[in-house]
Amino acid sequence: MSRNQNNIVTLTQHEQPFESRITDSLPDARKTGKYLAKFIQEQMVEGIDYGKVTGYSRPTLLKPGAEKICQHLKLTIQYEVNHRFEDWEQGIFHYEVRVTLTAINSTQKIAEGIGSSNTKEEQYNEQSPYTIVNTVLKMAKKRALVDAVLNVSATSGIFTQDIEDMPKSTELKGGDGTITKRQLKKIHELVNGQRMNPDTAREMMRLMFGVDHSTKLSKTQASSFIQDLLLLSESRR
């Protein structure tokens, strides 16, 4: 990874987390959704690369999945912080990031994406803004990457940008008391049993319920999350 004075970070080919056979060209991918539909079905993993959320119409593309698609299409990712607002006295932080996708071993720009995040978002209401500055910046980068990938990969009909883009289901709002010890134990068993990265589990909870830890789930939310984990476990057998 390299960084220059303009806040541009380049992820080189060997830093991408996915290794697979790359067979088709980018123009082919842009002509038909069948190209990537097959790739998604065969190579991408639900709960890691994309998330299906109960009560929502389409799955949401996650950062690992966006990186896999870039790898498959032979694209290099560049991040640039377009705008930053940091008020350390008031605890307000806002970042806007631009992602540029270019063909590997070329300067040809294929697509761009924009993403932003700030500490005033609802999901951060119960957290100190001073402890989540890096989290907010990472979220802006993730949103910009997903935006760019959807722009270039003909998958906008398959995935959505983020959970905010989908109609919310009122049954997932909770409000019926806090999660029980038995539910907590079951969630931990399912996550550990599937060898799921804890960060992935937290991302799923954030997307589904707007919380970043299982102890913040309500009973209803915990029940829904357990059902999704059980379905995910069954699909992997």
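Observations on the model:
- Scope segment 217-228; condition under 24 Å from LYS142 (Cβ atoms) and modelled with pLDDT under 80; matching residues: SER224, ASP228
Every residue, every condition in (1) in contact (Cβ under 8 Å) with a residue 60 or more places away in the chain; (2) in a loop (DSSP other than H, G, I, E, B); (3) among the basic types (Lys, Arg), yes or no:
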residue	(1), (2), (3)
CYS70	yes, no, no
VAL81	yes, no, no
GLN90	no, yes, no
VAL99	no, no, no
GLN123	yes, no, no
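- Scanning segment 111-135 for residues that are surrounded by fewer than 20 Cβ atoms within 10 Å (Cβ to Cβ), touching a strand residue (DSSP E or B) at 6+ places or on another chain (Cβ under 7 Å) and among the β-branched types (Val, Ile, Thr) yields ILE114, VAL133.
Conditions tested, residue by residue: (1) at pLDDT below 80; (2) not in a helix (DSSP H, G or I).
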residue	(1), (2)
GLY175	yes, yes
GLN183	no, no
LYS186	no, no
GLU189	no, no
MET196	no, yes
ASP199	no, no
LEU207	yes, no
THR215	no, no
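- Just one of the numbered conditions (1) crowded, with 16+ Cβ neighbours inside 10 Å; (2) at pLDDT below 90; (3) not hydrophobic (A, V, I, L, M, F, W, C) is not true of SER106: (1).
- Every pair of residues 6+ apart whose Cβ atoms lie under 8 Å, when the first sits in segment 207-225 and is in contact (Cβ under 8 Å) with a residue 12 or more places away in the chain and over 19 Å from GLU121 (Cβ atoms) while the second is part of a loop (DSSP other than H, G, I, E, B) and hydroxyl-bearing (Ser, Thr, Tyr): LYS219/THR180; ALA222/THR180; SER224/THR54
- In this entry, GLN43 is excluded by the filter for residues that are out of contact with any helix residue (DSSP H, G or I) (no Cβ under 9 Å at 6 or more places or on another chain), of a type outside the set (Phe, Trp, Tyr) and modelled with pLDDT under 90.
- Selected residue (only one of THR100, THR12, THR54 is within 15 Å of VAL149 (Cα to Cα) and either modelled with pLDDT of 65 or more or surrounded by fewer than 20 Cβ atoms within 10 Å (Cβ to Cβ) (or both)): THR100
The values are calculated or read from the model by the stated rules, or taken from the named source; none is laboratory data. Everything quoted here is computed from the prediction, not taken from an experiment. Note that each Cβ is placed from the backbone with ideal geometry, even for glycine, and that neighbours are counted across all protein chains shown.
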